[in-house]
Amino acid sequence: MQEEYSDDQLLDQFQQEDSRNFAFNLLVKKYQRRLYSHIRRIVIDHDDTNDVIQNTFIKVWGSLINFNRESQLYTWLYRIATNESITFLNKKRKKFFIPIVDVEHQLAGSLEDDSYFSGDEIQLKLQKAILKLPEKQRIVFNMKYYEEMKYEDMSEILGTSVGALKASYHHAVKKIEHFLLNR
Amino acid sequence: MKANNNTSNSDNEMEQLKKIAPSLFAIQKKEDLFVVPKNYFSALPEKIQELTLGKKQESFVVPENYFEQLPDKIEQLLLIDKKETFEIPEGYFDGLAHKIQDRVNQKQEAYEPVWNWKPSAKWSLAMVTACLCIYIGTTFFNKNIGQTEQLSANDIKQTLNTQVNTIDESVLIEQVNMDDIEVEETNVESKDDKGAIENYLIDNNIDVNAIANEL
């Protein structure tokens, strides 16, 4: 079992040219699962998630040297992953001329076809309910409900105030509850 | 302490969730809802490494088994005698230094300066005389120019009266030095002057509006 390095240790090693590749490899190993889950909940499809996570780490490689450590490394990584996911969905919309309202429908469809989705009927229903939420609200709900992230960290990642995030989560929960009761 | 706070926050949130969304609360939270292909995460770091670092290496393609064969090739090369591949005429280097020296000397002769004239005493005297003539001539000429500035005011007036129509107005304005002009203060507001101007305008049938527009 390889020793897990702290973020500061990884950043220190990345600053040195001779240990840069090694440090980056460790960073990918450390964060790949968390970022994958975060991206997957936004873009749903595995192949799309694979594209987005690769783009995310390529961006990280290009910018990590300038990371000033004012924010936490993991919130910085999440911010890049979130932006990449949103950019990906926007590009998909443009590419296939899908109107915004149909994106949820299309993603829900891919959820049903996705051989990599292991949920039962109620889980599928919950995912469909989540997909009914507006994009930003959906991201907030996933981060709070599944990842149990602190509002302060979410605020750093999404650039939204804690109060607004709490309100957004509250509305999302009410909408999902309504969907679950009425379908 | 911090862990306890986080736990109590989480508990509060769960309580709130139970209150506002009992159906959602009842659903078992499943973390591994999305299944990932086998060995995906073990292969991902290498894939990322390829994408970030591999790009530079991709542009150079190495033939198959190149590195396996390379040590043998190098060994063979070391065994080959170092043989001079260019033949040199016999005694070439013996006469080379002389040949080069001869060519350097030839070039130096070819570049002898063309202008190597030293003036005799006669020529020097002639040049000094010429310089004196030029000096005297220019001094005398400048003296004559200075005299033109001393023309009398009457001469200038006469010249201007006869030639004023032929001189361009802009040239005259350019030549005027404002310090030399004495402006006589006039009171155009006086009744007499006003009357005189009005009479002049009426006598000469001058359109006052046209003048106003021009101003």
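The values are calculated or read from the model by the stated rules, or taken from the named source; none is laboratory data. All values derive from a computational prediction rather than experimental measurement. Positions of Cβ are generated from backbone atoms using ideal geometry, with glycine treated the same way; all protein chains shown enter the neighbour counts.
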Subject >> Residues satisfying the stated conditions in the stretch B:21-40, i.e. surrounded by 13 or more Cβ atoms within 10 Å (Cβ to Cβ) and either over 60 Å from the mean Cα position of the chain (by Cα) or modelled with pLDDT of 85 or more (or both) >> reply: B:ALA21, B:SER23, B:LEU24, B:PHE25, B:ILE27, B:LYS30, B:LEU33, B:PHE34, B:VAL35, B:TYR40
Original post:
Residues A:ILE53, A:ILE44, A:ILE80: which one is among the aliphatic types (A, V, I, L, M) and modelled with pLDDT under 90?
Top reply: A:ILE44
**OP:** Kindly indicate whether A:LEU181 is in a helix (DSSP H, G or I) and at pLDDT below 90.
**Re:** yes
Subject >> Residue tally, condition basic (Lys, Arg) and in contact with a Ser or Thr (Cβ under 7 Å, 6 or more places away or on another chain), over the stretch A:2-59 >> reply: 1
Original post:
Are any residues in the stretch A:1-26 buried (at least 16 other Cβ atoms within 10 Å of the Cβ) and free of Cβ contacts under 8 Å to residues at least 40 places away in the same chain, and if so, which ones?
Top reply: A:TYR5, A:GLN13, A:ARG20, A:ALA23, A:ASN25, A:LEU26
Subject >> Condition check for A:THR56: surrounded by 15 or more Cβ atoms within 10 Å (Cβ to Cβ) and part of a helix (DSSP H, G or I) >> reply: yes
**OP:** Go through the stretch A:124-140 residue by residue and tally those that are part of a loop (DSSP other than H, G, I, E, B) and charged (D, E, K, R).
**Re:** 1
Original post:
Residues in the stretch A:114-129 that are more than 10 Å from chain B (Cβ to nearest Cβ) and crowded, with 18+ Cβ neighbours inside 10 Å: how many?
Top reply: 1
**OP:** Quick one: count up the residues across the stretch A:141-171 that are among the charged types (D, E, K, R) and part of a helix (DSSP H, G or I).
**Re:** 5
Original post:
How about the stretch B:7-46: which of its residues are in a helix (DSSP H, G or I), of a type outside the set (S, T, N, Q) and at the interface with chain A (Cβ under 7 Å from one of its Cβ atoms)?
Top reply: B:LEU17, B:ILE20, B:LEU24, B:PHE41, B:LEU44, B:PRO45
